[in-house]
Amino acid sequence: MHQTILGIPLVFYMAALTLLLNHIPVVGKFFNVINTILHELGHALAALLFQGEVRKIEIFGDTSGVTTTKVNSKFASIVVSLSGYPFSSCAALLSFFLLNRNLQTAYLIGLSLLFFFIMVLFVRNRYGWFWILAFCALNATVIHYGNSTIIDIITLFYATTITTESVASTFVILYYAVTAPQQAGDAANLKKSTGIPAFIWALLFTAFAIFICHTIYIKFFVIFAS
């Protein structure tokens, strides 16, 4: 993970590439779904934590997702609505922790198995099935045919994608919380449950995502660059 190109650490090239791909039609959206699934998994796990029911997860080609749950208390409903954005941020932190421990292959296998089980247990729409199967097939190909350098690059790309999208998605919801609060997704749901304005919730999501991103930079990017 300490590889350099022209004296510049590989991790910085990967961050720039990830930001570029995020704006490329089809390709960017395909990989951005990684963060979407992790976000929806956060909602699902929170529901299960409170002995609720996860009825379905739907993943769409525009990188949006919906998790339909049933819980038995207002407090549980608040926690479920709260969990998506912080969970994907924490997944980004865990990703770099594993890569820093040189567990790249285990990371690929683990991410693929996690998404496959999410598909079997919760995903209930065709695009979601297609995306997860394609993602798992891609990772299986990388593991089977790729060398250590290719595996390093693809895992670093995934981790960086999760990180950048976990931050970018909070800015999107912050924008909607300001311009159209009723369309602010989780923040709008929290406003209905608590009476606290959607903008406050969106601001908290954004602050936490930035904090985790900063932590990743300090603990891992600086290490990779050294």
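Things to note:
- Each residue in region 115-141 was checked for being assigned to a helix (DSSP H, G or I), touching a helix residue (DSSP H, G or I) at 6+ places or on another chain (Cβ under 8 Å) and over 19 Å from GLY28 (Cβ atoms), and 7 of them qualify.
- Check on LEU41, at pLDDT below 95, under 30 Å from ILE153 (Cβ atoms), touching a helix residue (DSSP H, G or I) at 6+ places or on another chain (Cβ under 7 Å) and not in a loop (DSSP other than H, G, I, E, B): no
- Only residues that are buried (at least 21 other Cβ atoms within 10 Å of the Cβ), over 20 Å from the mean Cα position of the chain (by Cα) and touching a residue at least 24 places away in the same chain (Cβ under 8 Å) were counted in region 171-212, giving 2.
- Some residue of region 169-176 being under 17 Å from PHE30 (Cβ atoms) and assigned to a helix (DSSP H, G or I): yes
- Residue match in region 66-75 (condition: among the aliphatic types (A, V, I, L, M) and either in contact with a Gly (Cβ under 9 Å, 6 or more places away or on another chain) or buried (at least 22 other Cβ atoms within 10 Å of the Cβ) (or both)): yes
- Number of the condition not met by SER81 [criteria: (1) surrounded by fewer than 21 Cβ atoms within 10 Å (Cβ to Cβ); (2) among the hydroxyl-bearing types (Ser, Thr, Tyr); (3) over 14 Å from the mean Cα position of the chain (by Cα)]: (1)
- Condition check for THR141: without any contact (Cβ under 8 Å) to a residue 12 or more places away in the chain and hydroxyl-bearing (Ser, Thr, Tyr): yes
- Check on SER95, under 21 Å from PHE135 (Cβ atoms), touching a Cys at 6+ places or on another chain (Cβ under 6 Å), at pLDDT 95 or above and among the small types (Gly, Ala, Ser): no
- Whichever residue in region 122-158 is buried (at least 18 other Cβ atoms within 10 Å of the Cβ) and among the aromatic types (Phe, Trp, Tyr) and, among such residues, is modelled with the lowest pLDDT: TYR158
- Positions within region 50-70 being farther than 19 Å from PHE116 by Cα and not in a strand (DSSP E or B), in sequence order: PHE50, GLN51, GLY52, ASP62
- Leading residue by the ranking (farthest from GLY185 (Cα to Cα)) among those in region 30-42 that are out of contact with any strand residue (DSSP E or B) (no Cβ under 7 Å at 6 or more places or on another chain) and buried (at least 18 other Cβ atoms within 10 Å of the Cβ): PHE31
- Residues satisfying the stated conditions in region 22-62, i.e. in contact with a Gly (Cβ under 8 Å, 6 or more places away or on another chain), more than 12 Å from SER88 (Cα to Cα) and either of a type in the set (D, E, K, R) or without any contact (Cβ under 8 Å) to a residue 24 or more places away in the chain (or both): LYS29, GLU58
- On inspection, THR206 does not qualify as at pLDDT below 95, assigned to a helix (DSSP H, G or I) and touching a Leu at 6+ places or on another chain (Cβ under 7 Å).
The values are calculated or read from the model by the stated rules, or taken from the named source; none is laboratory data. Being a predicted model, the structure only gives us computed values, none of them experimental. Cβ sites come from the backbone with ideal geometry, for glycine too, and all protein chains shown count toward neighbours.
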